[in-house]
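The values are calculated or read from the model by the stated rules, or taken from the named source; none is laboratory data. It should be emphasised that the depicted structure is a prediction, and the values quoted were computed from it without experimental measurement. Cβ placement follows ideal geometry from the backbone for every residue including glycine, while neighbour counts extend to all protein chains displayed.
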Amino acid sequence: MAPTDETTQDSLPSDENGPGVEVDRTALSALVREITASHFVVWTVGASGSLQSQRIPVSDVAQQISAASRILDRNFDQAMQMVMTASSAFDMAVQGWESQVRQSEQKLRADMNAGKLNQVKGKHNQIRARVAPVKSVFRRTLLMLQEADMRYRRQAASSADSELEAENES
């Protein structure tokens, strides 16, 4: 059975009228685009002396952000959790990549292959330059989601207070 956007009587209150409708999805789209453009490649030198590469995939992180964007209106809390999980997964991918890069560069340094070391470091530095902007987009997106959540909760509390006052005046 395919899920629908209709609210059922069994729906939880957090699934209805959440801050998801107030959220600018541009940040989520930008995040998917930045992650997709990030290619974590570890460069090494093979036995023949030629450069070899090994990719560390991050496409699952982009897919998780896309999925969060799709459910944002129906379940804001779950979407926000998915973005936080994706941020952690991206950070772990970066850490794994950095670890493998250090090993590759240390091996070249130990082999005293300065020419290849400089070539490999140049390729790795191009990738490093992409990491900070992606982390920045993650931070901005999470902050935007948290602010939308706080705004929604304040509005909901204000509405509840107004309704309570109206009932007391009756």
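List of remarks:
- Set side by side, the residues VAL101, VAL94 differ, and just one is of a type in the set (Val, Ile, Thr) and more than 13 Å from the chain's Cα centre (by Cα), which is VAL101.
- Scope the range 93-114; condition closer than 14 Å to ILE127 by Cα and surrounded by 15 or more Cβ atoms within 10 Å (Cβ to Cβ); matching residues: ALA93, VAL94, TRP97, GLU98, GLN100, VAL101
- Qualifying residue in the range 33-55 (condition: surrounded by fewer than 18 Cβ atoms within 10 Å (Cβ to Cβ), of a type in the set (S, T, N, Q), within 18 Å of VAL134 (Cα to Cα) and modelled with pLDDT of 90 or more): yes
- Screening the candidates ASP73, ASP77 for the property of being in a helix (DSSP H, G or I) and charged (D, E, K, R) yields one hit, ASP77.
- Pairing each residue of the range 125-151 that is without any contact (Cβ under 8 Å) to a residue 12 or more places away in the chain and over 17 Å from VAL101 (Cα atoms) with any residue that is among the small types (Gly, Ala, Ser) and surrounded by 13 or more Cβ atoms within 10 Å (Cβ to Cβ), provided the two are 6+ apart or on different chains, yields C-beta distances under 9 Å for ARG139/SER87.
- Evaluating ARG74 against the criteria (1) under 28 Å from ARG102 (Cβ atoms); (2) surrounded by fewer than 20 Cβ atoms within 10 Å (Cβ to Cβ) leaves one unmet condition, (1).
- With respect to the conditions (1) part of a helix (DSSP H, G or I); (2) of a type in the set (Asp, Glu); (3) in contact with a helix residue (DSSP H, G or I) (Cβ under 7 Å, 6 or more places away or on another chain), ASP91 lacks only one, and its number is (3).
- Of all residues in the range 70-124, those satisfying the criterion of being of a type in the set (Ser, Thr, Tyr) and in contact (Cβ under 8 Å) with a residue 12 or more places away in the chain are THR85, SER87, SER104.
- No other residue among ALA132, ALA148, ALA157 is at pLDDT below 90, in a helix (DSSP H, G or I) and surrounded by fewer than 11 Cβ atoms within 10 Å (Cβ to Cβ) apart from ALA157.
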